Amino acid sequence: MTKDLYDIGEMPPIGEVPAKMHAWLIRPERFGEPSKAFEKEVVDVPEIGDYDCLVYVMAAGVNYNNVWAGLGIPVNVIAARNKAGEPEEFHIGGSDASGIVYKVGKKVTNVKVGDEVVVHCGTYDPECPSVQAGVDQMYSPTYRIWGYETNYGSFAQFTKVKGTQCAPKPKHLTWEEAAAYMLVGATAYRMLLGWNEHALREGDVALIWGGAGGLGSMAIQIAKAKGAVPIAVVSGEDKFDYCQQLGAKGCINRKNFDHWGMLPHWKDTAGYNTWLKGVRSFGKAIWEVLGEKKQPRIVFEHPGETTIPTSLFVCDTGGMVAICAGTTGYNATVDLRYMWMRQKRVQGSHFANDAQCYAFNDMVIQGLIDPCLSRGFTWDEIPDAHQLMYENKHPHGNMGVLVGATEFGLGKTADEPMPLPHPDMPAHQEDDLPRLVPVSIPLEDVEAAETAEAAGGANDGATVRDIMVRDMSMVGPDDTLATAARLMLERNTTAVVVADQGKPVGIVSHTDVVLAGQGRPTQVVHDTPVKQVMTPDPYTVEAGTTLTQAVSFMTGHRVHHLVVTENGKAAGIIATGDVMRRMVSETARTAAE
């Protein structure tokens, strides 16, 4: 007889659905850093509709979407769904999954109970008139990203998805490997192959920004499999070997150039000529990799603001820049003369439609694509995986977490279809490119913009002093990590200030402690001086600084904590979570008034 609730790792009989399930939930009152935003709860297993499936999740993928969902910015996804009529005052994230189908709606025809599947994150109403008319599903007004814009994602024992989101699980992959590739892989597939005359062709040169990342690692392999010539742009030579083993013809270290940023005005002759010298030098680096003077026909873009001027310039005549994000900013400046005279195209691209997801998955099944799983996490470590992303300390490639699978390495039922290189990931180095937006960001209408403006106005005049934590945790450079960890637990904070005679000299975060413990004996970790793992020379801000200035500083420098000083000495600490909580409380107060 089916129980009402099964423990994590205790698999119900196939096809028997319990009443309740374990899940990691985000709630508005916990908005903030992932380590605080995510909490385990027991909730009802969701009911499904005619086109839906209920999938028992064996493993899930990790991406930035649910870092942003936990912060409640740039969009409060819970409030957005409540406004649309959905009653749940919580969010269950997770936009990648592998698992087993346990229940299907009466109009689902492509999968059945017991099928092992991977799940892509594109969901829409199959009865939408535009979909039924044969228009690309991505253009439907009902299109949403599952596990971010929709609820009941993969960080739970059961997830609610459309039948069309399910594709066969590759038999040669483990559960965690199968859960790691679809979101980034299908996104890369559409960018490279989804735009008709600009679909990647054999022999085409493809310039891949962020080649060692989750998106870039998929793009390199797709381009290589299609007979194109991928060139990876990365942030260090330590990533060259990894990208080349994946299939890159060669790599370019972007840190060898300094012309990045918005394009100088064309009337600024001196500034424009300086930029032109830099971008031409970058173009020559492409020629050096190729061994001939040939330009990329396709540029695979996602940094955005700092790189778009270069991408468009080096793109070949009649070529295309495909962009799926704006991780360095949203203001794209281009020299239109190069667009019209050389007939270049800038194409926005967002995830992928069903056919593109299935086509990419077929490449994985054929053994042409390695999932590039960099690290696996357990069920209990889901907040830790997101905290690493939040602090930009996550490994390159893709990450997976176990849900129903009881240990790593399970789920593989066949050998690899063909030999494929599985290169070791490069060591992590914090990147100097910020990440500003999730994969999917609902664009605001006029009403939403007015609401946001009112909420922003509530913070006018507020200073750091108004929200800083004065009773902060502080340790000395020679204190142990055990002392720092104990203070974080006692004060319910995610970081402690390292001070020497009152002067701030470093910060140790919750993630620093976790990373220090990887592969080392517990006692050694406990006795390690904080000065060995702290981030030295922390950014500081005077207590009288306005919140607006502080937030701009944190965003610009890609930091989540600032040490607050008064008269040159540490007086408190401020975190992005503190700012978020004030925004939420001020918005609620304004709405009540």
Measure out, as a whole number of angstrom, how far apart the alpha-carbon centroids of region 491-533 and region 279-328 sit. 41
Which trypsin sites (Lys or Arg not before Pro) does region 142-195 hold that lie in a coil by DSSP with at most 16 other beta carbons within 10 Å? Lys171
Using Cα positions and a limit of under 24 Å, work out the lysines in reach of Lys20, with same-chain residues fewer than 8 apart set aside. Lys3, Lys36, Lys40, Lys103, Lys106, Lys112, Lys160, Lys162
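Per DSSP H run of at least 4 residues, take -39500 (n - 2.57); add these up for the chain, divide by its residues and hand me the 222 nm value, nearest 500 deg cm²/dmol. Walk me through the numbers on the way to the answer.
On the way: 20 runs with 181 residues, N = 593.
Taking each H run of at least 4 residues, the total per residue is -8500 deg cm²/dmol.
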Accessible surface of the chain, 1.4 Å probe, proportion on carbon and sulfur as whole %: 51
Mind computing the radius of gyration and Dmax over the alpha-carbon atoms of region 53-102? Å is fine for both. 12.8, 34
Between region 361-423 and region 128-207, the Cα center-to-center distance that results, in Å: 17
Rounded to the nearest whole Å², what accessible area per residue is found for region 255-344 with the 1.4 Å probe? 50
How fast does region 137-196 diffuse by Stokes-Einstein, in µm²/s, taking the Kirkwood radius from C-alpha pairs at 25 °C and 0.890 mPa s? 181
Per residue Cα convex hull volume for region 335-428, in cubic angstrom? 207
Given H placed on each backbone N at 1.01 Å, which residues far from Gln347 in sequence or on other chains put an amide H within less than 5 Å of it? Val321, Ala322, Ile323
What ³J(HN,Hα) values, in whole Hz, does the Karplus curve 6.51 cos²θ - 1.76 cosθ + 1.60 give for region 216-231 when θ = phi - 60°, with x put for Gly and Pro? x, 5, 6, 4, 4, 5, 4, 4, 4, 5, 8, x, 7, 10, x, 10
Find the percent of Cα-Cα distances in region 469-532 that exceed 14 Å, and round it to a whole number. 51
In debye, nearest 20, what is the charge dipole magnitude of region 80-197 about its Cα centre with +1 on Lys and Arg Cβ and -1 on Asp and Glu Cβ, if you could check? 340
Residues with amide H under 5 Å of Lys103's amide H, sequence separation 5 or more or different chain, H placed in the peptide plane at 1.01 Å from N; which? Leu54
Relative contact order of region 1-148: what whole-number percent is it, with Cα pairs under 8 angstrom and at least 6 residues apart? 23
Loop-only check: which trypsin sites (Lys or Arg not before Pro) in region 69-108 are DSSP coil with at most 11 other Cβ within 10 angstrom? Lys106
Explain nothing, just compute: Karplus ³J(HN,Hα) = 6.51 cos²θ - 1.76 cosθ + 1.60, θ = phi - 60°, for every residue of region 140-149 in order, whole Hz, x for Gly and Pro. 5, x, 8, 5, 9, 8, 4, x, 10, 6
Most positive-pole-ward Cα, Pro264, Phe240, Thr317, against dipole of region 237-339 from beta carbon charges: Thr317
Largest-first principal axis extents, alpha carbons of region 186-348, Å: 44, 35, 31
Region 98-176, Rg to Rh (Cα coordinates; Rh as Kirkwood inverse mean 1/r): 0.98
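Estimate the FRET efficiency between Phe553 and Val113 by the formula 1/(1 + (r/R0)^6), using the beta-carbon distance for r and 41 Å for R0, to the nearest 0.05.
Working: r = 54 Å, r/R0 = 1.31.
After rounding, the FRET efficiency stands at 0.15.
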What ³J(HN,Hα) values, in whole Hz, does the Karplus curve 6.51 cos²θ - 1.76 cosθ + 1.60 give for region 239-256 when θ = phi - 60°, with x put for Gly and Pro? 9, 4, 4, 4, 5, 5, 5, 6, x, 5, 5, x, 9, 10, 8, 5, 6, 7
Principal axis lengths of the chain from Cα atoms, whole Å, largest first? 76, 63, 55
Given H placed on each backbone N at 1.01 Å, which residues far from Val403 in sequence or on other chains put an amide H within less than 5 Å of it? Ala59, Ala60
Might you report the magnitude of the Cβ-based charge dipole of the chain about its Cα centre, with Lys and Arg at +1 and Asp and Glu at -1, to the nearest 20 debye? 1460
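The values are calculated or read from the model by the stated rules, or taken from the named source; none is laboratory data. The structure displayed is predicted, hence computed values, not measured ones. Reconstructed Cβ throughout: ideal geometry from the backbone, glycine too, with neighbour counts over all protein chains shown. The accessibility values were calculated without ligands, DNA or RNA, using every heavy atom of the protein model including side chains. Shrake-Rupley method; radii C 1.70, N 1.55, O 1.52, S 1.80 Å.
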